[in-house]
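Encoded as structure tokens, the structure appears first; notes follow it.
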Amino acid sequence: MTTTRRDFLKVTALVGGGLTLGVSLPGAVSVAQAAGMLHTPNAWVHIADDNTITLISARSEMGQGVYTSMPMLIAEELGVDIRKIKVEIAPVGEVYTNALLGGQLTGGSTSVRDGWEKLRVAGAQVRTMLVTAAAQQWNVDAATLKAGDGKVTGPGGRKATYGELADAASKLPVPKDVVLKDPKDFKIIGKPTKRLDTPRKVNGTAVFGIDVKLPGMVYASLEQCPVIGGKVVSFDASKAKAMPGVIDVVQIRDGVAVVADSYWHAKKAREAVTVTWDEGAGAAIDNASMMDGIRNAKDAPTPIKKTGDADAAMKSAAKTMQAEYWSPLLAHATMEPQNFTADYKDGKCLVIGPAQFQQGTQGNVAAAVGLKPEDVTVQTTFLGGGFGRRLEYDFAVQAAQISKAVGKPVKLLWSREDDTTHDFYRPMAFHRMAAGLDAAGKPVALTFQLTSQSVTQRAFGLPKGTLDPFMAEAAVVGYDIPNMTQELIEHDSGLRVGYWRSVSHALNAFANESFIDELAAAAGKDPYQYRLALLDKQPRFANVLKIAATKAGWGKPLAKGRSRGIALMEGYDTYMAQVAEISVKDNEITVHKMWVAADLGRMVNPDTVEAQIESSIAFGLSSVLGSEITLDKGRVQQTNFHDYPVIRMSQMPRIDVTLVKSTEKPGGIGEPATALVGPAVANALFAATGKRVRKIPLSPDNIKSA
């Protein structure tokens, strides 16, 4: 069985106790919160009588720039200055479904890809309706009128602002067929644009989840079982209840919460609570047992793709090669620890905080506190990082349960230690690779097998044996190899896992691009030229590979002690190549510079694209150089940045980005660059030392033992 990402999410949208989709359009209007607001009959654009234009954004802003790129799409069709557009986050509603994922969620580098046509059409509809309203009021032919700069103008100097026309326009039928601007006439889309949310983030008016305040609000700190999935047997809170500021101590599904008049009081009192736990089956999990289970998994493989007959070609090959690659468990390590504020009152529940999946939050909160989904209101704040962690809703559910228990608005705050030890981790992954080479060293066969956990099975109940598309990303290489087989084994290691920035691209690209480098070495070929020779039928791949190599000066002499590695991948319809330049001393890697060439089709805001690539490389380097989650007796051993390191500013390389001009449809850019860092650096490490390290992170210990 096979399924697309959208199909699987669409049919599982009722996760978490009966998720009801659909909010009436007036619900969106209330979110805009502008006096005298008049709305056109679509869910995206609202125009106030004072000529204020508001975009209702269906995608969460977590640093990736959607509060700028989405308004740019609207502003282009309306012909208005983007700085005149305000942005508000959408409520839960079916109309705000991400068409690429089948739910109202932000992820998968889909925001621009989903909004590219949808929001331009919405803007064009509004523009057309405003012109029609003016034509009717002035009794003239609409073809003689022009919309732009926040007003409609016509013959004889007639003019009216969008705000003055909004009431009449909102009563007109919504045109089904509208003419979109020709890309050659774009004045906003494709132009570098400063972010609209920067001033708020600089002056402190931007509200993140951790900033939320409600009248009468109290604070909670939650003691959770050190083994994820463990349950409370009993607890003694007598000492905690006697401590300053403590209001109550309550048990919820995931642990024991201390509620106080400040977070500090709650946190200190929590340390005085004694809990007896039933640690459950998770207490038997450690890294060694997980690796043994993955390597020896007997689960039946699920096919991804088959081209030709790899087995037969392997038997007749002049040479065969095999290799195994490991990728570790990883935490998301968002800069803003998990938090949510909840107010359960009179059979209704308001939850406010950083969410990537509004429908999931609404449905699961409702199920946890015994309400109908429509009785739960979700308000989304700015996110201090998401990376997939805030697709989950455990912390929102916890806040709601605590609020119901104490009868007050509650802000639940996790510490960094809570966050590191109770994540939904990127799964551990094991790859078996094999290839057959002809006499000239060219691959005639390639087999790829990934063994890992399926996040989709855990999160959405994907049936066993059904292809999880989120595991197959970048599994199929773009090289011209006539016989290939790609498959995966979905093996449950017992630890809860989650989607992590770039999802399976990082896992699969590390194995594929490291192995291609090994084939080049076995053939005695330059790794860049070896790849290029396999891309005759892939012009976009070949182009970015050439650009990255040329920019990096591939083949030219390097400074003493420096080496370079190259890697290539397509992810989310974006074609990308990276070159890493490194040095190695005492088995420790210093990454000096990265060159990136990216072809992501049409770009909305090149400034954001470049920033996303840079941030993705920083994120990827953290995992490549040192980040790793390990378990002992079910307990996560890392607790904070001292033992789960993210790269420091001093470790950040110079980054040279080349963006390919293209007329292709937009590709995603928030994640692909993260995936290529691993193989690019690993291949540079081989060039530097002759050691092929097949295990991430590329830490001194792993380099030494390779």
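Name the single residue that is farthest from Ile210 (Cα to Cα) among those in the range 254-272 being outside any strand (DSSP E or B) and hydrophobic (A, V, I, L, M, F, W, C).
This residue is Ala272.
Any residue at all in the range 615-623 that's closer than 19 Å to His431 by Cβ and either in contact (Cβ under 8 Å) with a residue 60 or more places away in the chain or surrounded by fewer than 24 Cβ atoms within 10 Å (Cβ to Cβ) (or both)?
Among the residues of the range 615-623, at least one is closer than 19 Å to His431 by Cβ and either in contact (Cβ under 8 Å) with a residue 60 or more places away in the chain or surrounded by fewer than 24 Cβ atoms within 10 Å (Cβ to Cβ) (or both), which makes the answer yes.
Looking at Ala122, Ala143, can you tell me which residue is of a type in the set (A, V, I, L, M) and either without any contact (Cβ under 8 Å) to a residue 24 or more places away in the chain or more than 30 Å from Gly571 (Cα to Cα) (or both)?
Every option except Ala143 fails the conditions.
Scan the range 295-310 residue by residue and report those that are surrounded by fewer than 20 Cβ atoms within 10 Å (Cβ to Cβ) and not acidic (Asp, Glu).
Matches in the range 295-310: Arg295, Asn296, Ala297, Lys298, Ala300, Pro301, Pro303, Lys305, Lys306, Thr307, Gly308.
Going residue by residue through the range 193-205, is there one that turns out to be over 28 Å from the mean Cα position of the chain (by Cα) and at pLDDT 95 or above?
no
Return the pair list, or none, for Cβ contacts closer than 6 Å from residues in the range 442-465 that are modelled with pLDDT of 95 or more to residues that are surrounded by 18 or more Cβ atoms within 10 Å (Cβ to Cβ) and acidic (Asp, Glu), at least 6 apart or on different chains.
What qualifies is Gln449/Glu487; Ser454/Asp468; Ser454/Glu490; Thr456/Asp468.
Could you grab me the full set of residues in the range 192-219 that are buried (at least 16 other Cβ atoms within 10 Å of the Cβ) and without any contact (Cβ under 8 Å) to a residue 12 or more places away in the chain?
none
So which of Lys404, Lys348, Lys411, Lys372 ends up being basic (Lys, Arg) and within 27 Å of Gln457 (Cα to Cα)?
After ruling out the rest, the residue left standing is Lys372.
If you take the residues of the range 229-255 that are among the aliphatic types (A, V, I, L, M) and touching a helix residue (DSSP H, G or I) at 6+ places or on another chain (Cβ under 6 Å), which of them is nearest to Asp394 (Cα to Cα)?
Applying the filter and picking the extreme gives Ile252.
Go through the range 644-684 and give me each residue that's in a strand (DSSP E or B) and of a type in the set (S, T, N, Q).
Thr658
Testing Ser650 on (1) among the hydroxyl-bearing types (Ser, Thr, Tyr); (2) out of contact with any helix residue (DSSP H, G or I) (no Cβ under 7 Å at 6 or more places or on another chain); (3) open to solvent by less than 30 Å² (accessible area, probe 1.4 Å), one condition comes back false. Which one is that?
Among (1) among the hydroxyl-bearing types (Ser, Thr, Tyr); (2) out of contact with any helix residue (DSSP H, G or I) (no Cβ under 7 Å at 6 or more places or on another chain); (3) open to solvent by less than 30 Å² (accessible area, probe 1.4 Å), Ser650 violates only (3).
Out of the range 106-146, which residues are under 19 Å from Pro666 (Cα atoms) and either more than 33 Å from the chain's Cα centre (by Cα) or among the charged types (D, E, K, R) (or both)?
Hits for the range 106-146 are Arg113, Asp114, Glu117, Lys118, Arg120.
Which of the residues belonging to the range 322-338 are touching a helix residue (DSSP H, G or I) at 6+ places or on another chain (Cβ under 6 Å) and either among the hydrophobic types (A, V, I, L, M, F, W, C) or more than 12 Å from Arg694 (Cβ to Cβ) (or both)?
Ala323, Leu330, Ala331, His332, Thr334, Glu336, Pro337, Gln338
In the range 485-504, which residue that is polar (S, T, N, Q), open to solvent by less than 10 Å² (accessible area, probe 1.4 Å) and in a loop (DSSP other than H, G, I, E, B) is farthest from Ala281 (Cα to Cα)?
If we take residues in the range 485-504 being polar (S, T, N, Q), open to solvent by less than 10 Å² (accessible area, probe 1.4 Å) and in a loop (DSSP other than H, G, I, E, B), then Ser502 is farthest from Ala281 (Cα to Cα).
Go through the range 380-431 and give me each residue that's open to solvent by 10 Å² or more (accessible area, probe 1.4 Å), among the aromatic types (Phe, Trp, Tyr) and part of a strand (DSSP E or B).
Passing the criteria: only Phe382.
Go through the range 220-244 residue by residue and tally those that are open to solvent by less than 30 Å² (accessible area, probe 1.4 Å), under 17 Å from Ser415 (Cβ atoms) and of a type outside the set (A, V, I, L, M, F, W, C).
Qualifying residue count, the range 220-244: 2.
I'm told Arg694 meets every condition in (1) of a type outside the set (S, T, N, Q); (2) open to solvent by 40 Å² or more (accessible area, probe 1.4 Å); (3) free of Cβ contacts under 8 Å to residues at least 40 places away in the same chain except one. Can you identify the failing condition by its number?
(3)
Report the residue count in the range 505-556 for those that are open to solvent by 20 Å² or more (accessible area, probe 1.4 Å), touching a residue at least 60 places away in the same chain (Cβ under 8 Å), polar (S, T, N, Q) and within 23 Å of Gln322 (Cα to Cα).
Residues in the range 505-556 being open to solvent by 20 Å² or more (accessible area, probe 1.4 Å), touching a residue at least 60 places away in the same chain (Cβ under 8 Å), polar (S, T, N, Q) and within 23 Å of Gln322 (Cα to Cα): 0 in total.
Among residues belonging to the range 122-153 that are touching an Asp or Glu at 6+ places or on another chain (Cβ under 9 Å) and assigned to a loop (DSSP other than H, G, I, E, B), point out the one that is surrounded by the most Cβ atoms within 10 Å (Cβ to Cβ).
The selected residue is Gly150.
The values are calculated or read from the model by the stated rules, or taken from the named source; none is laboratory data. Keep in mind the model is a prediction, meaning the values are calculated, not measured. Positions of Cβ are backbone-derived with ideal geometry, glycine not excepted, and every protein chain shown enters the neighbour counts. Side chains are part of the model used for accessible areas, which takes the heavy atoms of the whole protein and leaves out ligands, DNA and RNA. Shrake-Rupley method; radii C 1.70, N 1.55, O 1.52, S 1.80 Å.
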